[in-house]
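The values are calculated or read from the model by the stated rules, or taken from the named source; none is laboratory data. As the structure is a prediction and not an experimental result, all values here were calculated from the model. So basically every Cβ, Gly included, is an ideal-geometry build from the backbone, and we count neighbours across all protein chains shown. Side chains are part of the model used for accessible areas, which takes the heavy atoms of the whole protein and leaves out ligands, DNA and RNA. Shrake-Rupley method; radii C 1.70, N 1.55, O 1.52, S 1.80 Å.
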Amino acid sequence: MLQRVSLIFFFICFSFSMHAGKIEKGYEALRIYNYFEARKIFTQSIDKHPAAAGYGLATIYTRTDNPFYDISRAHASILVAQWGWMKASEKEKIRIKQLGVDVAQIDLLKKRIDTLAFHITEKKETVVAWEEYLDSYCGSVLLKEAVAKRDELAYHNAQLAGGWMDYRIFVERYPEAAQHNEAIAMYEQLLYETITKDSSIASYEKFLREHPASPYAKLAEDKIFHFSTLANNITQFHAFIRKYPANRNVDDAWKRIYALYTADGKSTTIAQFWIDYPDFPFKETISEDLRLSMMTL
(Lines give C-alpha, C1' and ligand atoms only; values in the text may rest on other atoms or scores of the structure.)
Protein backbone atom coordinates (compact mmCIF):
# COMPACT_ATOMS: atom_id res chain seq x y z
CA MET A 1 0.00 0.00 0.00
CA LEU A 2 2.85 2.39 0.93
CA GLN A 3 4.64 1.61 -2.31
CA ARG A 4 1.48 2.40 -4.28
CA VAL A 5 1.08 5.82 -2.59
CA SER A 6 4.75 6.64 -3.16
CA LEU A 7 4.42 5.68 -6.80
CA ILE A 8 1.37 7.95 -7.25
CA PHE A 9 3.23 10.87 -5.58
CA PHE A 10 6.19 10.26 -7.89
CA PHE A 11 4.04 10.40 -10.99
CA ILE A 12 2.36 13.62 -9.79
CA CYS A 13 5.71 15.31 -9.23
CA PHE A 14 7.02 13.93 -12.51
CA SER A 15 3.93 15.21 -14.31
CA PHE A 16 4.41 18.69 -12.76
CA SER A 17 8.07 18.81 -13.75
CA MET A 18 7.18 17.74 -17.30
CA HIS A 19 4.40 20.27 -17.82
CA ALA A 20 5.35 23.19 -15.56
CA GLY A 21 7.41 25.94 -17.17
CA LYS A 22 10.60 27.34 -15.79
CA ILE A 23 8.94 30.32 -14.11
CA GLU A 24 6.44 28.01 -12.41
CA LYS A 25 9.36 25.97 -11.06
CA GLY A 26 10.83 29.14 -9.67
CA TYR A 27 7.65 29.92 -7.75
CA GLU A 28 7.46 26.35 -6.50
CA ALA A 29 11.02 26.69 -5.18
CA LEU A 30 10.05 30.01 -3.58
CA ARG A 31 7.00 28.38 -1.98
CA ILE A 32 9.17 25.81 -0.19
CA TYR A 33 11.77 28.47 0.74
CA ASN A 34 14.42 27.11 -1.61
CA TYR A 35 15.72 30.62 -2.17
CA PHE A 36 18.92 29.59 -3.94
CA GLU A 37 17.07 27.63 -6.61
CA ALA A 38 14.29 30.23 -6.91
CA ARG A 39 16.77 33.09 -7.32
CA LYS A 40 18.70 31.12 -9.92
CA ILE A 41 15.56 30.42 -11.96
CA PHE A 42 14.21 33.97 -11.70
CA THR A 43 17.56 35.44 -12.73
CA GLN A 44 17.64 33.18 -15.78
CA SER A 45 14.01 34.04 -16.66
CA ILE A 46 14.14 37.83 -16.19
CA ASP A 47 14.45 38.58 -19.92
CA LYS A 48 11.65 36.25 -21.01
CA HIS A 49 9.27 36.80 -18.07
CA PRO A 50 10.22 40.18 -16.52
CA ALA A 51 6.97 40.65 -14.58
CA ALA A 52 6.92 37.23 -12.88
CA ALA A 53 10.70 36.92 -12.46
CA GLY A 54 11.07 40.51 -11.25
CA TYR A 55 8.33 40.02 -8.67
CA GLY A 56 9.92 36.76 -7.52
CA LEU A 57 13.35 38.32 -7.12
CA ALA A 58 11.87 41.33 -5.30
CA THR A 59 10.14 38.94 -2.90
CA ILE A 60 13.40 37.12 -2.16
CA TYR A 61 15.40 40.34 -1.66
CA THR A 62 12.71 41.71 0.67
CA ARG A 63 12.66 38.73 3.00
CA THR A 64 15.09 38.59 5.89
CA ASP A 65 15.16 34.79 6.22
CA ASN A 66 17.70 34.34 3.44
CA PRO A 67 21.21 35.60 2.63
CA PHE A 68 19.98 37.60 -0.36
CA TYR A 69 18.15 40.29 1.63
CA ASP A 70 18.84 43.58 -0.14
CA ILE A 71 16.27 46.41 -0.35
CA SER A 72 18.10 48.19 -3.18
CA ARG A 73 17.98 45.05 -5.31
CA ALA A 74 14.39 44.47 -4.27
CA HIS A 75 13.50 47.94 -5.52
CA ALA A 76 15.31 47.41 -8.84
CA SER A 77 13.54 44.06 -9.29
CA ILE A 78 10.05 45.39 -8.55
CA LEU A 79 10.58 48.16 -11.10
CA VAL A 80 11.38 45.47 -13.65
CA ALA A 81 8.19 43.68 -12.61
CA GLN A 82 6.14 46.86 -13.10
CA TRP A 83 7.64 47.45 -16.52
CA GLY A 84 7.21 43.78 -17.42
CA TRP A 85 3.53 43.81 -16.49
CA MET A 86 2.87 46.83 -18.70
CA LYS A 87 4.61 45.12 -21.63
CA ALA A 88 3.20 41.63 -21.04
CA SER A 89 0.71 40.08 -23.44
CA GLU A 90 -2.69 38.96 -22.21
CA LYS A 91 -1.55 35.37 -22.45
CA GLU A 92 1.46 36.13 -20.26
CA LYS A 93 -0.69 37.99 -17.73
CA ILE A 94 -3.10 35.06 -17.45
CA ARG A 95 -0.18 32.73 -16.91
CA ILE A 96 1.47 34.71 -14.14
CA LYS A 97 -1.86 35.48 -12.47
CA GLN A 98 -2.07 31.76 -11.80
CA LEU A 99 1.11 32.22 -9.76
CA GLY A 100 -0.58 34.90 -7.62
CA VAL A 101 1.11 37.78 -9.39
CA ASP A 102 -0.87 40.68 -10.85
CA VAL A 103 -0.64 44.48 -10.98
CA ALA A 104 -2.17 44.86 -7.51
CA GLN A 105 0.35 42.49 -5.92
CA ILE A 106 3.24 44.20 -7.73
CA ASP A 107 2.12 47.63 -6.51
CA LEU A 108 1.61 46.31 -2.98
CA LEU A 109 5.13 44.87 -2.85
CA LYS A 110 6.58 48.10 -4.25
CA LYS A 111 4.91 50.11 -1.48
CA ARG A 112 6.35 47.73 1.09
CA ILE A 113 9.83 48.07 -0.40
CA ASP A 114 9.51 51.87 -0.47
CA THR A 115 8.50 51.83 3.19
CA LEU A 116 11.35 49.55 4.24
CA ALA A 117 13.84 51.76 2.42
CA PHE A 118 12.30 54.83 4.08
CA HIS A 119 12.91 53.41 7.57
CA ILE A 120 16.46 52.38 6.66
CA THR A 121 17.17 55.91 5.42
CA GLU A 122 15.59 57.40 8.52
CA LYS A 123 18.13 55.62 10.73
CA LYS A 124 21.07 57.11 8.79
CA GLU A 125 20.01 60.67 9.74
CA THR A 126 21.87 62.41 6.91
CA VAL A 127 20.71 64.75 4.16
CA VAL A 128 22.77 62.77 1.65
CA ALA A 129 20.88 59.59 2.53
CA TRP A 130 17.53 61.32 2.02
CA GLU A 131 18.72 62.76 -1.31
CA GLU A 132 19.69 59.28 -2.43
CA TYR A 133 16.32 57.93 -1.34
CA LEU A 134 14.46 60.62 -3.27
CA ASP A 135 16.57 59.99 -6.36
CA SER A 136 16.20 56.22 -6.24
CA TYR A 137 12.63 55.93 -4.93
CA CYS A 138 11.16 58.83 -6.91
CA GLY A 139 7.75 57.18 -7.05
CA SER A 140 7.70 56.24 -3.38
CA VAL A 141 4.40 56.19 -1.51
CA LEU A 142 6.29 58.10 1.21
CA LEU A 143 7.67 60.76 -1.12
CA LYS A 144 6.18 63.74 0.74
CA GLU A 145 7.33 62.39 4.10
CA ALA A 146 10.84 61.86 2.73
CA VAL A 147 11.01 65.42 1.39
CA ALA A 148 9.84 66.76 4.75
CA LYS A 149 12.46 64.68 6.59
CA ARG A 150 15.18 65.85 4.21
CA ASP A 151 14.20 69.52 4.55
CA GLU A 152 13.92 69.33 8.32
CA LEU A 153 17.37 67.80 8.67
CA ALA A 154 18.93 70.22 6.17
CA TYR A 155 17.48 73.19 8.05
CA HIS A 156 18.71 71.80 11.36
CA ASN A 157 22.20 71.56 9.86
CA ALA A 158 21.97 75.19 8.72
CA GLN A 159 20.98 76.21 12.24
CA LEU A 160 23.93 74.34 13.72
CA ALA A 161 26.35 75.99 11.27
CA GLY A 162 24.74 79.35 12.07
CA GLY A 163 26.15 81.48 9.24
CA TRP A 164 24.22 83.61 6.77
CA MET A 165 25.72 81.64 3.90
CA ASP A 166 24.41 78.38 5.40
CA TYR A 167 20.87 79.75 5.40
CA ARG A 168 21.30 81.12 1.89
CA ILE A 169 22.38 77.71 0.60
CA PHE A 170 19.34 76.13 2.25
CA VAL A 171 17.01 78.70 0.66
CA GLU A 172 18.49 78.12 -2.79
CA ARG A 173 18.48 74.32 -2.56
CA TYR A 174 15.06 73.84 -0.99
CA PRO A 175 12.72 76.59 -2.24
CA GLU A 176 9.63 74.49 -1.43
CA ALA A 177 10.66 73.65 2.13
CA ALA A 178 8.31 74.47 4.99
CA GLN A 179 11.23 76.29 6.64
CA HIS A 180 11.88 78.45 3.56
CA ASN A 181 10.49 81.74 4.87
CA GLU A 182 12.11 81.29 8.26
CA ALA A 183 15.42 80.55 6.57
CA ILE A 184 15.14 83.71 4.44
CA ALA A 185 14.49 85.79 7.55
CA MET A 186 17.51 84.32 9.31
CA TYR A 187 19.66 84.83 6.21
CA GLU A 188 18.72 88.50 5.96
CA GLN A 189 19.25 89.13 9.65
CA LEU A 190 22.63 87.40 9.85
CA LEU A 191 23.83 89.03 6.64
CA TYR A 192 23.01 92.48 8.03
CA GLU A 193 24.59 91.73 11.40
CA THR A 194 27.74 90.34 9.80
CA ILE A 195 28.38 93.25 7.44
CA THR A 196 27.58 95.92 10.06
CA LYS A 197 29.12 94.23 13.08
CA ASP A 198 31.49 97.17 13.75
CA SER A 199 28.54 99.63 13.76
CA SER A 200 30.46 102.11 11.61
CA ILE A 201 28.89 104.46 9.08
CA ALA A 202 31.13 102.91 6.42
CA SER A 203 29.76 99.42 7.13
CA TYR A 204 26.14 100.64 6.84
CA GLU A 205 27.00 102.39 3.56
CA LYS A 206 28.58 99.18 2.27
CA PHE A 207 25.50 97.18 3.24
CA LEU A 208 23.19 99.56 1.37
CA ARG A 209 25.39 99.50 -1.73
CA GLU A 210 25.47 95.71 -1.84
CA HIS A 211 21.95 94.94 -0.59
CA PRO A 212 19.64 97.86 -1.37
CA ALA A 213 16.56 95.59 -1.46
CA SER A 214 17.22 94.03 1.96
CA PRO A 215 14.47 94.32 4.59
CA TYR A 216 17.23 95.77 6.79
CA ALA A 217 17.98 98.62 4.36
CA LYS A 218 15.75 101.02 6.28
CA LEU A 219 17.46 100.14 9.54
CA ALA A 220 20.84 100.78 7.92
CA GLU A 221 19.61 104.20 6.76
CA ASP A 222 18.41 104.97 10.29
CA LYS A 223 21.80 103.99 11.69
CA ILE A 224 23.61 106.28 9.23
CA PHE A 225 21.29 109.13 10.23
CA HIS A 226 21.86 108.46 13.92
CA PHE A 227 25.65 108.29 13.78
CA SER A 228 25.92 111.23 11.37
CA THR A 229 24.02 113.60 13.67
CA LEU A 230 25.17 112.70 17.17
CA ALA A 231 25.93 116.36 17.97
CA ASN A 232 22.33 117.28 17.11
CA ASN A 233 23.28 120.58 15.48
CA ILE A 234 22.35 122.34 12.27
CA THR A 235 25.73 121.79 10.67
CA GLN A 236 25.57 118.01 11.04
CA PHE A 237 21.96 117.76 9.89
CA HIS A 238 22.67 119.83 6.79
CA ALA A 239 25.82 117.85 6.02
CA PHE A 240 23.77 114.65 6.32
CA ILE A 241 21.19 115.97 3.84
CA ARG A 242 23.87 116.88 1.30
CA LYS A 243 25.68 113.53 1.63
CA TYR A 244 22.67 111.23 1.76
CA PRO A 245 19.89 112.89 -0.29
CA ALA A 246 18.16 109.51 -0.87
CA ASN A 247 18.12 108.53 2.81
CA ARG A 248 14.61 108.13 4.19
CA ASN A 249 15.48 110.41 7.13
CA VAL A 250 16.16 113.51 5.02
CA ASP A 251 12.76 115.04 5.74
CA ASP A 252 13.29 114.53 9.46
CA ALA A 253 16.72 116.16 9.20
CA TRP A 254 15.17 119.21 7.50
CA LYS A 255 12.54 119.48 10.23
CA ARG A 256 15.21 119.36 12.93
CA ILE A 257 17.23 122.06 11.18
CA TYR A 258 14.15 124.25 11.00
CA ALA A 259 13.29 123.61 14.67
CA LEU A 260 16.81 124.46 15.83
CA TYR A 261 17.12 127.55 13.62
CA THR A 262 13.76 129.05 14.57
CA ALA A 263 13.77 128.09 18.22
CA ASP A 264 13.12 131.71 19.27
CA GLY A 265 9.90 131.83 17.21
CA LYS A 266 10.61 135.34 15.83
CA SER A 267 9.24 136.31 12.44
CA THR A 268 12.58 137.75 11.43
CA THR A 269 14.31 134.47 12.24
CA ILE A 270 11.76 132.51 10.25
CA ALA A 271 12.16 134.89 7.31
CA GLN A 272 15.93 134.59 7.48
CA PHE A 273 15.66 130.80 7.47
CA TRP A 274 13.74 131.05 4.19
CA ILE A 275 16.61 133.04 2.76
CA ASP A 276 19.36 130.80 4.13
CA TYR A 277 17.72 127.52 3.15
CA PRO A 278 15.77 128.07 -0.10
CA ASP A 279 15.77 124.27 -0.74
CA PHE A 280 13.78 123.56 2.42
CA PRO A 281 11.02 121.22 1.16
CA PHE A 282 8.22 122.29 3.51
CA LYS A 283 7.53 125.84 2.33
CA GLU A 284 3.98 125.76 3.66
CA THR A 285 5.36 125.27 7.17
CA ILE A 286 7.43 128.46 6.89
CA SER A 287 4.48 130.42 5.52
CA GLU A 288 2.16 129.28 8.28
CA ASP A 289 4.69 129.89 11.07
CA LEU A 290 5.55 133.31 9.66
CA ARG A 291 1.84 134.26 9.56
CA LEU A 292 1.31 133.09 13.13
CA SER A 293 4.41 134.90 14.44
CA MET A 294 3.13 138.22 13.09
CA MET A 295 -0.41 137.90 14.47
CA THR A 296 -1.52 140.26 17.22
CA LEU A 297 -3.21 138.11 19.83
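Points to keep in mind about this one:
- Within the accessible area of the chain, the carbon and sulfur atoms contribute 57%, probe 1.4 Å, all protein chains present.
- Percent of Cα-Cα distances greater than 18 Å, calculated over the range 136-189: 31 percent
- A P(r) calculated from all alpha carbon pairs of the chain, with 5 Å bins opening at zero, reads 1, 5, 8, 9, 8, 7, 6, 6, 5, 5, 5, 4, 4, 4, 4, 4, 3, 3, 3, 2, 2, 1, 1, 1, 0, 0, 0, 0, 0 percent.
- Solvent-accessible surface ranking, highest first, for 86, 165 at 1.4 angstrom: 86, 165
- Within the chain, helix-based [θ] at 222 nm, where runs of 4 or more DSSP H residues each add -39,500 (n - 2.57), nearest 500: -23500 deg cm²/dmol
- Put simply, the convex hull of the Cα atoms in the range 206-253 casts, on average, a shadow of 3.1 nm².
- For the chain, the relative contact order comes to 7 percent (Cα pairs under 8 Å, sequence separation of at least 6).
- These residues, 171, 128, go from largest to smallest accessible area, 1.4 Å probe, as 128, 171.
- Per residue, the accessible area of the range 196-285 comes to 58 Å², computed with a 1.4 Å probe over protein heavy atoms only.
- Cα gyration tensor category, rounded, prolate or oblate, for the range 13-108 with a/c compared to 1.5: oblate
- Three-way shape call for the range 17-64 based on the alpha-carbon gyration tensor, with the a/c threshold at 1.5: oblate
- Think of a 1.4 Å ball rolled over the protein heavy atoms: the range 82-171 then has 60 Å² of accessible area per residue.
- The range 103-253, Cα convex hull volume normalised per residue, Å³: 117 Å³
- Note on surface exposure: 291, 150, 39, 168 rank 291, 168, 39, 150 by accessible area, highest first, 1.4 Å probe.
- FRET efficiency for residue 184 and residue 238, using Cβ-Cβ distance with R0 set to 22 Å, rounded to 0.05: 0.05
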